[in-house]
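Heads up, the thing below is written out as structure tokens.
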């Protein structure tokens, strides 16, 4: 029954029942965590054979003849550039294989634009009176933080089922020269799990920003992270940009953090050759070379994109049941109450839910008091301000499935309780 | 015989003889490299057992219980902080174990100061009208480049046998508020191989810079890289700074690039707890965590500082004969001619030589034409401008010893030829 159709007595009774169950749950002293997109322990085991590849007696020569254990090759070894070019659908010359963190590559890309400027721009961003970034919401908190750190003003753009509201994006970038970039997670977006439609990608490729140094930060973090047998597909933005002659407009990012080991994987940046050369010109003062032993380890383990995809099938087998547990429980517990909506993702690491307006913070608080940690309400919005206080990001990957089930049961209970409180207070 | 005491005829004859030998050498089509401080292939083999440590079945838990294969712990795992704190003579709380490159840690430290400021400062360095850095010369080209990239003005300070000219350092920093830092390689300096004397370190600890946000960039790159049985010793700057209450004045750096694998080692930054906390506040937006698998691999391999020192003994056995070959050849070939001087280093990676004024570029050019690549003349000075054109950095580590011998023989011949050319032209 829809909670909105209950009368005061029914609501009060419903709330009392929730409170009773909540007290019981609290007494269990749970200590569960659904807050971050961390792979589970079983997922980490999948990549253990990779650590056996480069050992005493192994060949440490890259295909260009260089010993990967020594200094050199700032942009990464050729075979690693090839592998990740294949993964991102670009050319090897359009790739820098960096350290282990794509977040660092993104921070550094903003930092370089800030201090030194980018091709097409007249001056470094720091010399501009005002710099703004478009932030599709809900989105990834760490993206927003990077730009906030530099004092860049963050402008919300609503997400739709096909990607960011492109009418708004087109209008804003064509009118406002201070808008220098946009944060995108184009496939299985964080947190919504939405993949940008072909039309959205084409509209990105056809953007005509007033700022000549505008950049799309295309964080393809979940490009091979499918959860179903009918995965989403994403149109190749670089191909589309080459058709419009605007290939300098994108910086692409990805990493193997959720393919092999978080923090000990390999991160990549892809961009036009002009962008890559401009990047290397500054990067050359920041590093001599990145960890090529780890690059070679990854390449020897995966061999090619087929190898990555086969490996991701194993992740899928471990992750899909966790997502199913969450989605089934949401359906069963609150599916017919009109107090929560969500999108079933075909990949990625999150399930994004929307409560009744003004209930998200309360739900997170209730969960926390009963021992279940969620990503903070508001975290999916710039400045942590969710204007309607509705969005919560659920990360099902880390807890073992029994714990996850307890956590999501409690979550549903908290949604019911918070919703009843809210409706009774109106 | 001193070349300066030869008459014109003797000099012309000497030069003709050198030219004949040079033509013969050129005909050999050598292809040798003494340009960069790269470990030799035999040195890389020393650390191979480290790659066998973390494999299937190994324990991947850090001593704080965290799985090093997953996200988390921005400042590094506790056991790695302990190990490198021991190496640098600081407390574990004063350490960040970063990625694999200390150059990146230094670049990022300058970048953070530039954009966000440091404790003690009133504003970010980029907001100051003028920012200058002191550069002991000759010094490390990549240090100078980092600051040059940000448009910081580089000010030469001559090196003495006990470290930078401290009279000049004290005078400049106490008078000029725009001087925000100094680059130091305090032990086995690059390129001179000089270790700062106790008095120099104490004078650093007692500096009273006019800029309240002045920082000593203390790159202790060669702190365990001894070449003799009577190694130099370096007074602990952090201890001295704590006595004067000025411990915020230093950023220390080191890495295992020349202990395990260049580019695939572990880099560290050490500083006062206040500096570390301020650093982490910004770093938190740039990274989630660094490669903890590689950190644990290093700690399990070395166990403690004794383990590092024992490992460095093996490097010494491979490197000392190469340094001896160069020094013996210099002595034998040009020792009594008054055309070259140098300091015999007790550690580090370089031998720094000074030619007659105005001869360094010519020597490097002659070497190059005959197939021996040296570090560019001038590279050891800011803006690549050696005012007297005298200094050349010789890096004996990379070539196998037979090649090294050929290279240094040719080098000596080129020094003789260039010197004769010079003296004849006067």
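The values are calculated or read from the model by the stated rules, or taken from the named source; none is laboratory data. Just so you know, these numbers come straight off a predicted model, no measurement behind them. Cβ placement follows ideal geometry from the backbone for every residue including glycine, while neighbour counts extend to all protein chains displayed.
Given A:332, A:300, which one is surrounded by fewer than 22 Cβ atoms within 10 Å (Cβ to Cβ) and under 29 Å from residue B:77 (Cα atoms)? Working first, answer last.
Numbers: A:332 fails: under 29 Å from residue B:77 (Cα atoms).
That would be A:300, the only listed residue that is surrounded by fewer than 22 Cβ atoms within 10 Å (Cβ to Cβ) and under 29 Å from residue B:77 (Cα atoms).
Restricting to region B:149-186, count the residues that are farther than 26 Å from residue B:232 by Cβ, surrounded by 16 or more Cβ atoms within 10 Å (Cβ to Cβ) and within 14 Å of another protein chain (Cβ to nearest Cβ).
4
I need a count of the residues in region B:121-171 that are assigned to a helix (DSSP H, G or I) and more than 21 Å from residue B:36 (Cβ to Cβ).
Applying the first criterion (assigned to a helix (DSSP H, G or I)) to region B:121-171 yields B:125-127, B:141-149, B:166-171.
After this cut, where a residue has to be more than 21 Å from residue B:36 (Cβ to Cβ) as well, the list is B:125-127, B:166-171.
Count: 9.
Answer with yes or no whether residue A:328 is within 25 Å of the chain's Cα centre (by Cα) and more than 23 Å from residue A:88 (Cα to Cα). It would help to see each step written out before you state the result.
Working: within 25 Å of the chain's Cα centre (by Cα): yes; more than 23 Å from residue A:88 (Cα to Cα): yes.
Criteria met by residue A:328.
Looking at B:287, B:264, B:278, which one is at pLDDT 95 or above and either more than 12 Å from every other protein chain (Cβ to nearest Cβ) or under 19 Å from residue B:197 (Cα atoms) (or both)? Write out each step before concluding.
Details: B:287 fails: either more than 12 Å from every other protein chain (Cβ to nearest Cβ) or under 19 Å from residue B:197 (Cα atoms) (or both); B:264 fails: either more than 12 Å from every other protein chain (Cβ to nearest Cβ) or under 19 Å from residue B:197 (Cα atoms) (or both).
Going through B:287, B:264, B:278 in turn, the sole match is B:278.
What are the residues in region A:137-167 that are at negative phi and out of contact with any strand residue (DSSP E or B) (no Cβ under 8 Å at 6 or more places or on another chain), if any? Before you say what the answer is, go through the steps one by one.
If we filter region A:137-167 for residues that are at negative phi, which is where we start, we get A:137-150, A:152-162, A:164-167.
Within region A:137-167, A:141, A:142, A:145, A:146, A:149, A:150, A:160, A:161, A:162, A:166, A:167 meet the criteria.
With the structure loaded, tell me whether residue A:260 is in the same structural domain as residue A:298 (by TED's automatic domain parsing), in contact (Cβ under 8 Å) with a residue 24 or more places away in the chain and either surrounded by fewer than 19 Cβ atoms within 10 Å (Cβ to Cβ) or touching a strand residue (DSSP E or B) at 6+ places or on another chain (Cβ under 9 Å) (or both) or whether it fails that test. Step through it out loud before you land on a result.
On the way: in the same structural domain as residue A:298 (by TED's automatic domain parsing): yes; in contact (Cβ under 8 Å) with a residue 24 or more places away in the chain: yes; either surrounded by fewer than 19 Cβ atoms within 10 Å (Cβ to Cβ) or touching a strand residue (DSSP E or B) at 6+ places or on another chain (Cβ under 9 Å) (or both): no.
The answer is no for residue A:260.
So, of the residues in region B:30-52 that are closer than 8 Å to residue B:398 by Cβ, modelled with pLDDT under 95 and more than 15 Å from the chain's Cα centre (by Cα), which turns out to be farthest from the other protein chains (Cβ to nearest Cβ)?
B:34
Which of the numbered conditions does residue B:235 fail, given that it passes all the others? Conditions: (1) touching a helix residue (DSSP H, G or I) at 6+ places or on another chain (Cβ under 6 Å); (2) free of Cβ contacts under 8 Å to residues at least 60 places away in the same chain; (3) assigned to a helix (DSSP H, G or I).
With respect to (1) touching a helix residue (DSSP H, G or I) at 6+ places or on another chain (Cβ under 6 Å); (2) free of Cβ contacts under 8 Å to residues at least 60 places away in the same chain; (3) assigned to a helix (DSSP H, G or I), residue B:235 is out only on (3).
Can you report the number of residues in region B:53-63 which are at the interface with another protein chain (Cβ under 9 Å from one of its Cβ atoms) and over 34 Å from the mean Cα position of the chain (by Cα)? So that I can check it myself, show each step before the final result.
Taking region B:53-63 and keeping what is at the interface with another protein chain (Cβ under 9 Å from one of its Cβ atoms), we get B:54-58, B:60.
Keeping just the survivors that are over 34 Å from the mean Cα position of the chain (by Cα) gives B:56-58.
Here the count works out to 3.
All but one of (1) in contact (Cβ under 8 Å) with a residue 60 or more places away in the chain; (2) in contact with a strand residue (DSSP E or B) (Cβ under 7 Å, 6 or more places away or on another chain); (3) within 28 Å of residue A:375 (Cα to Cα) hold for residue A:195, so report the exception by its number.
That leaves (2) as the condition not met.
Report the residue count in region B:28-71 for those that are under 30 Å from residue B:352 (Cβ atoms) and assigned to a loop (DSSP other than H, G, I, E, B).
The initial filter retains those residues of region B:28-71 that are under 30 Å from residue B:352 (Cβ atoms), namely B:28-47.
Applying the additional criterion that residues be assigned to a loop (DSSP other than H, G, I, E, B) yields B:28-31, B:35-40, B:46-47.
Of the residues in that region, 12 qualify.
Checking the conditions here, which among B:68, B:95, B:73 is in the same structural domain as residue B:240 (by TED's automatic domain parsing) and in contact with a strand residue (DSSP E or B) (Cβ under 7 Å, 6 or more places away or on another chain)?
Details: B:68 fails: in contact with a strand residue (DSSP E or B) (Cβ under 7 Å, 6 or more places away or on another chain); B:73 fails: in contact with a strand residue (DSSP E or B) (Cβ under 7 Å, 6 or more places away or on another chain).
Residue meeting the stated conditions: B:95.
All but one of (1) in contact with a strand residue (DSSP E or B) (Cβ under 9 Å, 6 or more places away or on another chain); (2) within 14 Å of another protein chain (Cβ to nearest Cβ); (3) farther than 30 Å from residue B:108 by Cβ hold for residue A:292; which doesn't?
With respect to (1) in contact with a strand residue (DSSP E or B) (Cβ under 9 Å, 6 or more places away or on another chain); (2) within 14 Å of another protein chain (Cβ to nearest Cβ); (3) farther than 30 Å from residue B:108 by Cβ, residue A:292 is out only on (3).
So which residues in region B:64-85 are at pLDDT below 95 and away from chain A (no Cβ under 14 Å), if there are any at all?
Matches in region B:64-85: B:64 only.
Output yes when any residue across region A:399-420 is touching a residue at least 12 places away in the same chain (Cβ under 8 Å), part of a loop (DSSP other than H, G, I, E, B) and out of contact with any helix residue (DSSP H, G or I) (no Cβ under 9 Å at 6 or more places or on another chain), and no when none is. Break it down into steps so the answer makes sense when it comes.
Step one: of region A:399-420, the residues touching a residue at least 12 places away in the same chain (Cβ under 8 Å) are A:399-401, A:403-420.
After this cut, where a residue has to be part of a loop (DSSP other than H, G, I, E, B) as well, the list is A:399-400.
Remaining after also requiring out of contact with any helix residue (DSSP H, G or I) (no Cβ under 9 Å at 6 or more places or on another chain): none.
No: zero hits.
Is it fair to say residue A:386 is in the same structural domain as residue A:34 (by TED's automatic domain parsing), surrounded by fewer than 16 Cβ atoms within 10 Å (Cβ to Cβ) and more than 17 Å from the chain's Cα centre (by Cα)?
Values: in the same structural domain as residue A:34 (by TED's automatic domain parsing): yes; surrounded by fewer than 16 Cβ atoms within 10 Å (Cβ to Cβ): no; more than 17 Å from the chain's Cα centre (by Cα): yes.
It is false that residue A:386 is in the same structural domain as residue A:34 (by TED's automatic domain parsing), surrounded by fewer than 16 Cβ atoms within 10 Å (Cβ to Cβ) and more than 17 Å from the chain's Cα centre (by Cα).
Given A:12, A:16, which one is free of Cβ contacts under 8 Å to residues at least 12 places away in the same chain and farther than 30 Å from residue A:239 by Cα?
A:16
Name the single residue, out of those in region B:86-105 being in a loop (DSSP other than H, G, I, E, B) and more than 10 Å from chain A (Cβ to nearest Cβ), that is surrounded by the most Cβ atoms within 10 Å (Cβ to Cβ).
Pass one, region B:86-105, residues in a loop (DSSP other than H, G, I, E, B): B:89-91, B:98-101.
Add one more test, that the residue is more than 10 Å from chain A (Cβ to nearest Cβ), and what stays is B:89-91.
Working: B:89: 18, B:90: 25, B:91: 16.
Taking the candidates together, the pick is B:90.
Give me the residue from region B:48-65 that is out of contact with any strand residue (DSSP E or B) (no Cβ under 7 Å at 6 or more places or on another chain) and free of Cβ contacts under 8 Å to residues at least 12 places away in the same chain and, out of that set, surrounded by the most Cβ atoms within 10 Å (Cβ to Cβ).
From region B:48-65, those out of contact with any strand residue (DSSP E or B) (no Cβ under 7 Å at 6 or more places or on another chain) are B:48-59, B:62-65; that's our starting set.
Checking which are free of Cβ contacts under 8 Å to residues at least 12 places away in the same chain leaves us with B:48, B:52, B:55-59, B:65.
Working: B:48: 17, B:52: 15, B:55: 13, B:56: 10, B:57: 6, B:58: 14, B:59: 10, B:65: 6.
Among residues in region B:48-65 that are out of contact with any strand residue (DSSP E or B) (no Cβ under 7 Å at 6 or more places or on another chain) and free of Cβ contacts under 8 Å to residues at least 12 places away in the same chain, the one surrounded by the most Cβ atoms within 10 Å (Cβ to Cβ) is B:48.
Would you check which residues across region A:198-230 are within 30 Å of residue A:319 (Cα to Cα), surrounded by fewer than 18 Cβ atoms within 10 Å (Cβ to Cβ) and touching a residue at least 12 places away in the same chain (Cβ under 8 Å) and list them?
If the condition is that a residue be within 30 Å of residue A:319 (Cα to Cα), surrounded by fewer than 18 Cβ atoms within 10 Å (Cβ to Cβ) and touching a residue at least 12 places away in the same chain (Cβ under 8 Å), then A:198, A:199, A:228, A:230 are the ones that fit.
Surrounded by 15 or more Cβ atoms within 10 Å (Cβ to Cβ) and within 12 Å of chain B (Cβ to nearest Cβ) - does that describe any residue in region A:10-26?
No - not one qualifying residue is present in region A:10-26.
Taking residue A:138, is it under 16 Å from the mean Cα position of the chain (by Cα) and modelled with pLDDT of 95 or more? Reasoning before the result, please.
Numbers: under 16 Å from the mean Cα position of the chain (by Cα): yes; modelled with pLDDT of 95 or more: yes.
Criteria met by residue A:138.
Would you mind stating whether residue B:235 is away from every other protein chain (no Cβ under 13 Å), over 27 Å from residue B:114 (Cβ atoms), at pLDDT 95 or above and over 16 Å from the mean Cα position of the chain (by Cα)? Let's see the steps before the verdict.
On the way: away from every other protein chain (no Cβ under 13 Å): yes; over 27 Å from residue B:114 (Cβ atoms): yes; at pLDDT 95 or above: yes; over 16 Å from the mean Cα position of the chain (by Cα): yes.
Against the criterion (away from every other protein chain (no Cβ under 13 Å), over 27 Å from residue B:114 (Cβ atoms), at pLDDT 95 or above and over 16 Å from the mean Cα position of the chain (by Cα)), residue B:235 qualifies.
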